[in-house]
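Asks: Dropping the structure in here first, questions after.
The values are calculated or read from the model by the stated rules, or taken from the named source; none is laboratory data. Worth saying up front: this structure is predicted, and the values here are computed from it rather than measured. With ideal geometry, Cβ positions are generated from the backbone for all residues, glycine too; neighbour counts draw on all protein chains shown. For accessibility, only protein heavy atoms count, side chains too; no ligands or nucleic acids. Shrake-Rupley method; radii C 1.70, N 1.55, O 1.52, S 1.80 Å.
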Number of protein chains: 2
Amino acid sequence: MVVSITGDQALVKKINMSLALETIRVHAPVSRAQVAELTGLNKATVSNLVSDLLEQQLVTEIGPGQSSGGRKPLLLLFNRHAGHSIGIHLDVHSFSIALCDLSGQILFEKLNLRLLHSDPVQVTEQLSSVIQELIDLAPASPYGVIGIGVGAPGMVDEQGCVLFAPNLGWEQIPLRQWLQDRFTHIPVLVDNEANAGAIGEYEYGAGKHVQHLIYVSAGAGIGTGIMTRGEIFRGAMGYSGELGHMTIDVHGRKCSCGNRGCWELYASEKAILDPQKSLPFHTLYEAIQAAERDDADALHFLYQLGEYLGIGIANLVNGFNPDLIIIGNQFAHLERWIKAAVLRSVKQRALQSHQQNLNIVYAPLQQRSTLLGAANQAIRSFVGRAKVTV
Amino acid sequence: MVVSITGDQALVKKINMSLALETIRVHAPVSRAQVAELTGLNKATVSNLVSDLLEQQLVTEIGPGQSSGGRKPLLLLFNRHAGHSIGIHLDVHSFSIALCDLSGQILFEKLNLRLLHSDPVQVTEQLSSVIQELIDLAPASPYGVIGIGVGAPGMVDEQGCVLFAPNLGWEQIPLRQWLQDRFTHIPVLVDNEANAGAIGEYEYGAGKHVQHLIYVSAGAGIGTGIMTRGEIFRGAMGYSGELGHMTIDVHGRKCSCGNRGCWELYASEKAILDPQKSLPFHTLYEAIQAAERDDADALHFLYQLGEYLGIGIANLVNGFNPDLIIIGNQFAHLERWIKAAVLRSVKQRALQSHQQNLNIVYAPLQQRSTLLGAANQAIRSFVGRAKVTV
DNA sequence: CCAACTTTGTCTATCCAATAAACTAAGTAC
DNA sequence: GTACTTAGTTTATTGGATAGACAAAGTTGG
């Protein structure tokens, strides 16, 4: 019975191959000599690896570059057109989908399509038909569509089964399997929407090269994607991060989860439903509209929303000491209204030492964070990153 | 400039060597054939690795075992006497220290020694002298004392510098370096006390083979050691887990950290100092004494302490979905008084789905969790575990 | 008691990837 | 035009894993 990963030459090649490919991807355009320099691999080794990569069409040669006092280097590029990836952000009432190349460049996208039903079977049906459209739109390429990634609200296990998505009303829906059955030749991945968002911003947005970040997906509820050393933090059974249901007020109001005083009751769209307040608007959209008209109630409401968001963020900062907090999902658009309040709360409540290198931003990818993160997960598993810790 | 880890034959050997050693350690007594079976390595490879390990005296042959229908197997044992490790639990007013073998068996220990001063230089002095005593006591062995591990309260960075330990009154103390300067030939490691506790319980206590656990170190304050997939979770700059300063009551009292309503104000020894309560006891010890006499105030106080501890634990459960919560440090002794209250809070407040496989225990290693965890970190870095993710 | 079979562990030839060093190619500098 | 630099390839070597043959040491059943 084979369980563990053993070392052999195939593994060595895998490690060095992915190291070379990543180096080319990040530092492109780059010469073989530079890759050798950057990775610490021997020139000959790099030459061998690169010739394999050229054969696999994952890398292209774009001709000679400028000389630095000797023979001109032959510059290499990661071939982002070798294949395409499809990313999906499944939200509670809508979804967004995009087709992108291997560098995350979007070729086609459809944003905020309404879900026609909430029933998981019918949702799968609707998703599948749009996915097929994008597959048909994909330009010819050596590898075709190499994967489909989905970011879904709620808890998702390692098999891509949606265990619990209260806002969708789903339980134990093997979404990945259902989609995989439709697209048998394309790997399908399903992860939590906030995790995907964190990955998206890490790869293509605010978090480029920031190794420790937290993506706070605030909208209908709150979810968090926590990244350390460039890796998503996963709890037991592969899922975690229901930090929206962290108690911030022991004596607070009852939450649907059974607890009291959950963060997301005060810092997500759910705050509008606070029975004690009887606010003159019923959705976030309406609140913003009112705020645009300088409505005092709305402005005050949004400020409070920011304060509470900041309280939870301060907790995250104390607990994880991230370098970057990214406020995403619908709240990415609220910067204008909540920025000051969020900063005030965090400044007041987070440990001084943890605030030194802290940055708080509003997802620059906006509604595309999760989309691109999901697509990126498919890309990752295609190009296959091998890592070693000694 | 060499940055990344590249693959070569030495790496392959390292990976397989550590795999073989770990397999022998875990499954001992075991034959070469079984190791090959268990790891997936070739018989010849295992023979080679084992002969190296025998030469290095990390493994011993203890003669033939029972035949299963053919030649008798030659049984192998991990040589836990190849060297010794020293583990230290540094607390606010006291420290504990032990000398143990490579399997974590304690040979000598000194528990709860009072710190004579709180000044870091003098603390280092005192620690060093006791460490030297234990080094002198260590039996002769091939490798001698292979490392010194320290678990310290507060934030510790990757270099073993105590960045911030409010309860000790320390800031920016390069404890590891200071100790390393004293014991130049023995590697010194310093980590957070709760992280070490988590490792201790994972390796030798309640958490054996439980991949996702949280060690809640409750005493003078609260610290948490979070373990996923058998690895300690570390935030930015290598430290994190100041979850004792997570807000659980937005309108709560002021904490020394600047925030309001921090968990540890209500669920650690600090709860005794609540000015609103003016309790008739001033230390946890006194409270327990009173409770032993069935003092109503004390019993009620301890019950509340348990409730608040449970509230924070529920947050942890929602956030990390662990399989096991271990309540350690001084609170490990409070099971009798707080168990019901803790369970009640958690049951009431944690997500139902996360409670399914959840277990809550009181550190069976008691005051030795951190000690053994710290010693184990030294052992780990000595036997050198290599891991690969593909 | 012996022949057939099993299991354990080692030996041998082979493979494969990385590597150093030599080498070719193609430029610059003065 | 000679000396030097830099880029990339070729060649011989190294070291570890592997399959398969083999030796060692047992069991089983007639």
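Asks: I'd like to verify a number: residues in the range A:225-272 that are at pLDDT below 85 and aliphatic (A, V, I, L, M), how many? Lay out the reasoning, then the answer.
Replies: Just the residues of the range A:225-272 that are at pLDDT below 85, to begin with: A:229, A:234-242, A:256-258.
Among the residues that remain, those that are also aliphatic (A, V, I, L, M) are: A:236-237.
Residues flagged as at pLDDT below 85 and aliphatic (A, V, I, L, M) within the range A:225-272 amount to 2.
Asks: Tell me, which strands (runs of 3 or more DSSP E) wholly within the range B:91-161 include 1 or more residues that are within 18 Å of residue B:182 (Cα to Cα)?
Replies: On the way: elements: B:94-101, B:106-114, B:145-152.
The qualifying strands (runs of 3 or more DSSP E) are B:94-101, B:145-152.
Asks: Only one of these conditions is not met by residue A:72: (1) modelled with pLDDT of 95 or more; (2) among the basic types (Lys, Arg); (3) within 12 Å of DNA strand C (Cβ to nearest atom). Which number is it?
Replies: (1)
Asks: Of everything in the range B:143-163, what is on the phi < 0 side of the Ramachandran plot and surrounded by fewer than 24 Cβ atoms within 10 Å (Cβ to Cβ)? Give them in sequence order.
Replies: Within the range B:143-163, B:143, B:145, B:146, B:157, B:158, B:159, B:161, B:163 meet the criteria.
Asks: Would you check which residues across the range B:54-70 are farther than 26 Å from residue B:142 by Cα and either among the polar types (S, T, N, Q) or under 31 Å from the mean Cα position of the chain (by Cα) (or both) and list them?
Replies: The answer is B:66, B:67, B:68.
Asks: Residues that are within 14 Å of chain B (Cβ to nearest Cβ): which helices (runs of 4 or more DSSP H) entirely in the range A:263-342 hold 1 or more of them? Break it down into steps so the answer makes sense when it comes.
Replies: Values: elements: A:263-267, A:284-292, A:296-320.
In the range A:263-342, the matching helices (runs of 4 or more DSSP H) lie at A:263-267, A:296-320.
Asks: Specify the residue that is modelled with the lowest pLDDT; the eligible residues are those in the range A:18-35 that are open to solvent by 30 Å² or more (accessible area, probe 1.4 Å) and away from DNA strand D (no atom under 12 Å from the Cβ). Full working, then the answer.
Replies: Keep residues of the range A:18-35 that are open to solvent by 30 Å² or more (accessible area, probe 1.4 Å), which gives A:22, A:25-29, A:32-34.
With the extra rule that they be away from DNA strand D (no atom under 12 Å from the Cβ), the set shrinks to A:22, A:25-28.
Values: A:22: 94, A:25: 94, A:26: 92, A:27: 94, A:28: 85.
Looking at the filtered set, the residue picked out is A:28.
Asks: Examine the range A:185-200 for a residue that is surrounded by 24 or more Cβ atoms within 10 Å (Cβ to Cβ) and of a type in the set (D, E, K, R), and state whether such a residue exists.
Replies: Yes, that holds for at least one residue.
Asks: Another question, then. Take the range B:1-53 and flag every residue that is assigned to a loop (DSSP other than H, G, I, E, B), more than 29 Å from residue A:229 (Cα to Cα) and touching a strand residue (DSSP E or B) at 6+ places or on another chain (Cβ under 9 Å).
Replies: At the first step, the residues of the range B:1-53 found to be assigned to a loop (DSSP other than H, G, I, E, B) are B:1-8, B:28-29, B:31, B:40-42.
Those left that are additionally more than 29 Å from residue A:229 (Cα to Cα): B:28-29, B:31, B:40-42.
Passing the criteria: B:28, B:29, B:31.
Asks: Got a sec? Which of A:58, A:102 is away from DNA strand C (no atom under 16 Å from the Cβ), more than 14 Å from chain B (Cβ to nearest Cβ) and of a type outside the set (Asp, Glu)?
Replies: Details: A:58 fails: away from DNA strand C (no atom under 16 Å from the Cβ).
Just one listed residue meets the conditions, A:102.
Asks: Something else now. Which condition breaks for residue A:5 when tested against (1) within 11 Å of DNA strand D (Cβ to nearest atom); (2) more than 7 Å from every other protein chain (Cβ to nearest Cβ)?
Replies: Here residue A:5 clears every test but (2).
Asks: Of all residues being within 14 Å of chain B (Cβ to nearest Cβ) and open to solvent by less than 10 Å² (accessible area, probe 1.4 Å) in the range A:347-385, which is nearest to residue A:333 (Cα to Cα)? Just the residue, please.
Replies: A:350
Asks: Enumerate the pairs (first residue in the range A:5-17 and open to solvent by less than 30 Å² (accessible area, probe 1.4 Å); second residue anywhere and part of a loop (DSSP other than H, G, I, E, B) and more than 7 Å from DNA strand C (Cβ to nearest atom)) with beta-carbon separation below 7 Å, excluding pairs fewer than 6 apart on the same chain, so at least 6 apart or on different chains.
Replies: What qualifies is A:15/A:386.
Asks: I need the full set of residues from the range A:36-51 which are open to solvent by 20 Å² or more (accessible area, probe 1.4 Å), within 11 Å of chain B (Cβ to nearest Cβ) and within 10 Å of DNA strand D (Cβ to nearest atom), in order please.
Replies: Scanning the range A:36-51 gives A:37, A:42, A:45.
Asks: So which of B:158, B:242 ends up being farther than 28 Å from residue A:308 by Cβ and within 12 Å of chain A (Cβ to nearest Cβ)? It would help to see each step written out before you state the result.
Replies: Working: B:242 fails: farther than 28 Å from residue A:308 by Cβ.
Residue meeting the stated conditions: B:158.
Asks: Still on this structure, I have one more. Mind listing just one residue for me: the one in the range B:325-346 that is open to solvent by 10 Å² or more (accessible area, probe 1.4 Å) and touching a Gly at 6+ places or on another chain (Cβ under 9 Å) and, of those, nearest to residue B:196 (Cα to Cα)?
Replies: Once the filter is applied, the top-ranked residue is B:329.
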